[in-house]
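Structure first, then comments.
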Amino acid sequence: MAPKSELPEIIAHRGNASEFPENTLQSLQSAVEFGIRHVEFDVQLTQDKVPVLLHDADLARVGGRPESVHDLSWVQLSEIPVGEVKRLGRRHAFTYPPSLAQTVDLLTDWPQVTAFVEIKRASLRHFGRETVLRRVSEVLKPVADRCVVISFDLPSIQILRAMTGTRIGWVLETYDDGTRAAVDELSPEFLFCNLARLPDGTTQLWPGAWEWALYEVRDVTTAAACGAMGAGFVESMAIGEMLAAYGAASSKWLSTPKTGAL
């Protein structure tokens, strides 16, 4: 894969999570209203095996409560605010977690949007791969052609590809020779990696048939560096700030005289 000559495409990491509670319909809606065409969100299962949008297995960080999503029914969870009051104040205090089915309803109205659906390992461990993958796949069916299912759990995405033929993405924990061999064997459509997990001095990402998405990126300089390494995508929670910076960078490039221009 040759280095990218343009800034990478932005994926809204848990939606526009710098301004809205993460993994909520409001956060996703805001990102799409900005013009974002790629969104990412996390999926856990409730006690009654309903797929819902949550990153953590417990509600401590987003809801200020100790319960685990795995111990609550969907009806119980749907009545618990997840407005991230500690981070965002009380302006979104009465924001509630959506089910995956509710999110799919939104996606049907956004034919231009691709969704990266991350299946969390906590639910895979708690309920088992077969249960989680079956439930998530069933709910995603109406928009499966516009979804990429991703996970840190390599066996899960291998099973999903064999079971459904859906596009897959592997979220890497390590960037080393052993992981590279597994990537070559899997040949996923996407590879995701935290910037902090790339070895110092990395100048070129592993080439292959896959697209790279690097996270968490919050400034245009870092985004440009990711593009130069070969990343076609960067994940960011700071959608407004990133798009403003992208616009400023594009304007500066367009206004700069090109050597040899007629």
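Pair-distance distribution of the chain: all C-alpha pairs, bin width 5 Å, starting at 0; shares per bin in whole percent are 1, 6, 13, 16, 18, 17, 13, 8, 4, 2, 1, 1, 0, 0.
In deg cm²/dmol, rounded to 500, what helix-only [θ] at 222 nm does the chain give when every DSSP H run of at least 4 residues adds -39500 (n - 2.57) and the total is split over its residues?
Values: 11 runs with 98 residues, N = 262.
Theoretical 222 nm ellipticity from helices: -10500 deg cm²/dmol.
I need the semi-axes of the equivalent ellipsoid of region 1-151: take the C-alpha gyration tensor, multiply each eigenvalue by 5, square-root it, list largest first in whole angstrom. The partial results should precede the final answer.
On the way: eigenvalues 117, 79, 38 Å².
Here the semi-axes work out to 24, 20, 14 Å.
The long axis of helix 154-164 is offset from the longest Cα principal axis of the chain by roughly 80 degrees. Going by Cα centres, region 9-72 and region 158-211 are how many Å apart? A separation of 23 Å, based on Cα centres.
Name the trypsin sites (Lys or Arg not before Pro) in region 91-149 that are in a loop by DSSP and that have at most 12 other C-beta atoms within 10 Å, would you?
On the way: sites: Arg91, Lys120, Arg121, Arg125, Arg129, Arg134, Arg135, Arg146; in loops: Arg91, Lys120.
Those that pass, being in a loop and sparsely packed, are Arg91.
Against the longest principal axis of the chain, how steep is helix 220-229, in degrees 0 to 90 to the nearest 10, with axes from Cα atoms? Its long axis makes an angle of about 80 degrees.
Every number here is computed from the coordinates shown, using simple stated rules; none is lab data. For clarity, every value in this text was computed on a predicted model and none was experimentally measured. Positions of Cβ are backbone-derived with ideal geometry, glycine not excepted, and every protein chain shown enters the neighbour counts.
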